[in-house]
Each structure stands twice: as structure tokens, then as C-alpha cells.
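For reference, the structure discussed in these notes is given below.
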Amino acid sequence: MKKNWQFIKEEKVYSDNILSIRHLEYYYKTADKSMVFTVQDMSSWAVIVPVTKNGEFILVKQFRAGTNSDTLEFPGGSINKNEDIAHAAARELQEETGAVSGSIIPLGVIDPNPAFMTNKCYAFAALDCTFDGVQQLDLFEDTEPIVVTEDGFKQMLKTGEFSQSLSVAAYCLYKNIL
């Protein structure tokens, strides 16, 4: 527990326009030893579970360099500095899919990986979505909106076709809150 750890020092080792990396040294009282931990700082994210008036989900298919593959995810992305979090979720929904919603509902907050990441992921639901907006992709963003029934979505979860962790967590919040 935190009471067993004493902070010793911090060293910033890398920074670019997306993230910074720090080394944090802590003394662990129980073992009478210290250790350096690598911590990644970056902006927080919003992920949104879009549901159409017919109860279908809107997903985005996009290429991800980390896995060198196309993935299926819910729309989402970085929250701009000083941007309202719900606004960021609605913005990402429209930018990536062209869909809009008049009902954006907060579902909860997810720690993407507290072992080494300091940011948060804010999950939302967007109800009664329609494709009345215009898709406005960022440079190097290439998404294809896909509409699936909930049964089809559940099958994608079972087979691993839909496996992006923050999207899966957002769906779990959606199912348990709404």
C-alpha cells in the first residue's frame, strides 16, 4: 500500500507532442530497497458508446500501428486542453463517424493502465444517434463507421474481433449503468 512507499526522486527522460516519460524512484520500506519506475504522461481520453434509435451500436474500424492491424472500437480520442470532457466525446463521435446525438450520458472513469500511465479515460454513452453530422477526420486518421446489432456486437466480443480494452470497458459500464 502507498504507506509502504517513499518517493525519492524524479527524472524526465523523454517528451514529445503526445507524451512524456519520467523515471520515478521509490523506496519500498518492506523490502528495504529502492526501485525506478517508468511513468508515461499524456492527455486524457474520451470514449463513447454510440447507440442508434434502433438500438444498434456504431463502431469505427481503423488501422492501429501498435498492433499493425485494423481494429474495431468505439469512437474516442484525446481531450484537448481546457475542453469540456462531454464535448470532447461528442466531438470525437462526429469526427470519426459523422454521427451526432442529443443525449450524451457519462458512464464512468477508467484508469487505462495505472501501473505506468497517469491519464484517465472518460466513458460516455450517446443515445439516439443519427448520421446527421459530417465526418471530419484528423490528419493520419482513417476510420470506417460500422453499424452492428447488439447480438452481432456480442459475437464480436466472444470471438475477439472487438477487443480494444478501453472500448470493452466502456461497453461494460454502459451495460451496468444504463
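The values are calculated or read from the model by the stated rules, or taken from the named source; none is laboratory data. Bear in mind the structure is a predicted one, so any value in this text is a computation, not a measurement. Glycine also receives a Cβ, built like all others from the backbone with ideal geometry; neighbour counts cover every protein chain displayed. Side chains included, ligands, DNA and RNA excluded: accessible areas come from the protein's heavy atoms. Shrake-Rupley method; radii C 1.70, N 1.55, O 1.52, S 1.80 Å.
Laid out as a table, the results:
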{"item": "The stretch 92-130: number of residues that are farther than 19 Å from ASP41 by Cα and polar (S, T, N, Q)", "result": "5"}
{"item": "Hey, GLY108 touching an Asp or Glu at 6+ places or on another chain (Cβ under 8 Å) and at pLDDT 95 or above or not", "result": "no"}
{"item": "Unique residue being open to solvent by 30 Å² or more (accessible area, probe 1.4 Å), farther than 12 Å from LEU59 by Cα and at pLDDT 95 or above when the list is GLN164, GLN155", "result": "GLN155"}
{"item": "Qualifying positions in the stretch 83-100 - open to solvent by less than 30 Å² (accessible area, probe 1.4 Å) and touching a strand residue (DSSP E or B) at 6+ places or on another chain (Cβ under 7 Å)", "result": "ALA88, ALA89, GLU92, LEU93, GLU96, THR97, GLY98, ALA99"}
{"item": "Any hit, the stretch 72-82, residues being among the aromatic types (Phe, Trp, Tyr) and open to solvent by less than 20 Å² (accessible area, probe 1.4 Å)", "result": "yes"}
{"item": "Count of the stretch 4-28 residues which are outside any strand (DSSP E or B) and either closer than 26 Å to ASN80 by Cβ or modelled with pLDDT under 95 (or both)", "result": "3"}
{"item": "Strands (runs of 3 or more DSSP E) (entirely within the stretch 98-167) containing at least 3 residues that are free of Cβ contacts under 8 Å to residues at least 40 places away in the same chain and farther than 20 Å from GLY66 by Cα", "result": "103-110"}
{"item": "Residues of the stretch 27-41 classified as touching a residue at least 12 places away in the same chain (Cβ under 8 Å) and either β-branched (Val, Ile, Thr) or over 30 Å from SER78 (Cα atoms) (or both), total", "result": "8"}
{"item": "Residues of the stretch 131-152 satisfying the condition of being aromatic (Phe, Trp, Tyr) and surrounded by 15 or more Cβ atoms within 10 Å (Cβ to Cβ)", "result": "PHE131"}
